């Protein structure tokens, strides 16, 4: 350890990948925490407005007056709160996902730099991790052919057609009364 940072062993290419992964990325964990606090502050005022509108609606109901305008106000503020909450949830979920990918990449790089896994090829794994970038999508064209056989195998399974329900299957007893009734129609 040098100044709190791990010492890099291996070839210069490995050092480049390790430095780019560990040092050049912004710290998404701090950003996530700040965004959570900002979301709570942002949603507090719409929550108060909704609670106030519902309180007014309830009070007017007791006075037996026309409360259509109050109902519209309460419904509008509740709808606004719902939309804002959903937007914040989506935004924070995306940021949380990106933070998880970043943490995973950092953990894998630190594992490789420690050299405890003897059978991993550092250059290949570091290039895969570096090519993932934000979002976990491989952008390096040299990495993609490694995964093609698995993708093709999955595609063959998806394209397999099931037998049509009217075609006889092997587990149907052809002499059963239900089968005979089905064939008559």
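Kindly indicate whether residue 112 is surrounded by 15 or more Cβ atoms within 10 Å (Cβ to Cβ) and either modelled with pLDDT of 95 or more or within 22 Å of residue 23 (Cα to Cα) (or both).
In short, yes.
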Self-check item: residue 65 over 21 Å from residue 40 (Cβ atoms), assigned to a helix (DSSP H, G or I) and either within 19 Å of the chain's Cα centre (by Cα) or modelled with pLDDT under 75 (or both)
Solution: no
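Okay, residues lined up against (1) under 18 Å from residue 82 (Cβ atoms); (2) at pLDDT below 90:
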site: 2; (1), (2): no, yes
site: 5; (1), (2): no, yes
site: 16; (1), (2): no, yes
site: 29; (1), (2): no, yes
site: 37; (1), (2): no, no
site: 40; (1), (2): yes, no
site: 43; (1), (2): yes, no
site: 46; (1), (2): yes, no
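The values are calculated or read from the model by the stated rules, or taken from the named source; none is laboratory data. Values in this document were obtained by computation on a predicted structure and should not be read as measured data. Cβ coordinates were reconstructed from backbone atoms using ideal geometry, including for glycine residues, and neighbour counts include every protein chain displayed.
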